[in-house]
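One structure is given below, encoded as structure tokens.
The numbers here are math on the coordinates, done by the rules we state, and not lab data. All figures in this text were calculated on a predicted structure; none of them were measured in a lab. In this analysis, Cβ positions are derived from the backbone assuming ideal geometry, glycine residues included, and neighbour counts consider all displayed protein chains.
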2 protein chains.
Amino acid sequence: MATNESYLEKKVISIGTVCELTGLSERRIRYYEERKLIFPERTNRGIRKYSFTDVERLMDIANKREEGIQTAEIRKEYMKEKKYNERTMREQVIRGQLNAYFRTRE
Amino acid sequence: MATNESYLEKKVISIGTVCELTGLSERRIRYYEERKLIFPERTNRGIRKYSFTDVERLMDIANKREEGIQTAEIRKEYMKEKKYNERTMREQVIRGQLNAYFRTRE
DNA sequence: CGTGTAAGGAATTCTGACACG
DNA sequence: CGTGTAAGGAATTCTGACACG
């Protein structure tokens, strides 16, 4: 019963299945990779593998494309989100360190 | 951020990837299906697809096999677990109905 | 019983390119 | 720019069978 959340990040789904899950064509999925919006892993032999998180991102990309947003613009949005997340994570680390510091002083 | 747990049940992994995840051979994985221990879905064209839950079960099967337990025996164990789970679920439904009943009487 | 392997065919995936707009 | 498509090859998967123990 090891319900490990990291399953969401495991790159195990091949492109045909991703097509079914997202409704996108292989062409579009590969193209979004070319535009640095999505980063599948590859097997030894070069077969792309995607995670469930990738599938969700692809659906998000499809929505944004429908709104007429270009891939370059979508990439910028993701970069901003990434920076925001990294900042948040750094702050959490610092908060943890501060907590540890004050605990030792009590 | 729809962290839907049903991802664990989604049959999206093809047998080659399952081999890597579990360390089992394709032969063994297909054989355990023949023995009714595991139930992958099939694509239109007949390609087997497994879920993360299936992967976990396969590792469990492998452990039991290592202990020398035969597949028929393993199947019986799973049938017992299944019955137990079904009973538990039925009881939960009944409990819910009872709660609803007494709430309306208050 | 449980697993390996070779065999041949079918389905999947890959890349690079041409097309259209 | 974003996506479709035909092309040819490489990798994957499938089934049924023979082998061993």
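For chain B, the mean residue ellipticity at 222 nm estimated from helices alone is -21000 deg cm²/dmol, where every DSSP H run of n ≥ 4 contributes -39500 (n - 2.57) and the total is divided by all residues, rounded to the nearest 500.
Could you tell me the distance between the Cα centroids of segment B:23-77 and segment A:32-83, to the nearest Å? The distance from the Cα centre of segment B:23-77 to that of segment A:32-83 comes to 33 Å.
Subtracting the Cα-Cα distance of A:Arg42 and A:Arg27 from 0.36 nm times their residue separation leaves 3.7 nm of extension gain.
Computed about the Cα centre, the dipole magnitude for segment A:20-106 is approximately 400 debye when only Lys and Arg (+1) and Asp and Glu (-1) carry charge, each at its Cβ. Under 22 Å from the Cα of B:Lys10, which lysines turn up, not counting those fewer than eight places away in the same chain? Once the sequence-local lysines are set aside, what remains near B:Lys10 is A:Lys10, A:Lys11, A:Lys49, B:Lys36, B:Lys49, B:Lys82. With a Förster radius of 22 Å applied to the C-beta separation of B:Ala100 and B:Ser6, the computed FRET efficiency comes to 0.30.
Among B:Glu56, B:Glu26, B:Glu91, which one shows the biggest mean-square fluctuation in a GNM of chain B, springs joining Cα atoms closer than 10 Å? With Cα springs under 10 Å in chain B, the top fluctuation among B:Glu56, B:Glu26, B:Glu91 is at B:Glu91. Label separation (B:Arg87 vs A:Thr88): 4.5 nm, computed from points 7 Å beyond Cα along the C-beta direction. Along the charge dipole of chain B, which of B:Gln97, B:Ile13, B:Ile69 sits closest to the positive end, that is, farthest toward it, with unit charges on the beta carbon of Lys, Arg, Asp and Glu (+1, +1, -1, -1)? Of the candidates, B:Gln97 comes out farthest on the positive side. Under the simplified labelling scheme, the B:Ala62-A:Asn63 pair shows an inter-label distance of 3.8 nm, with each label point 7 Å from Cα along Cα→Cβ.
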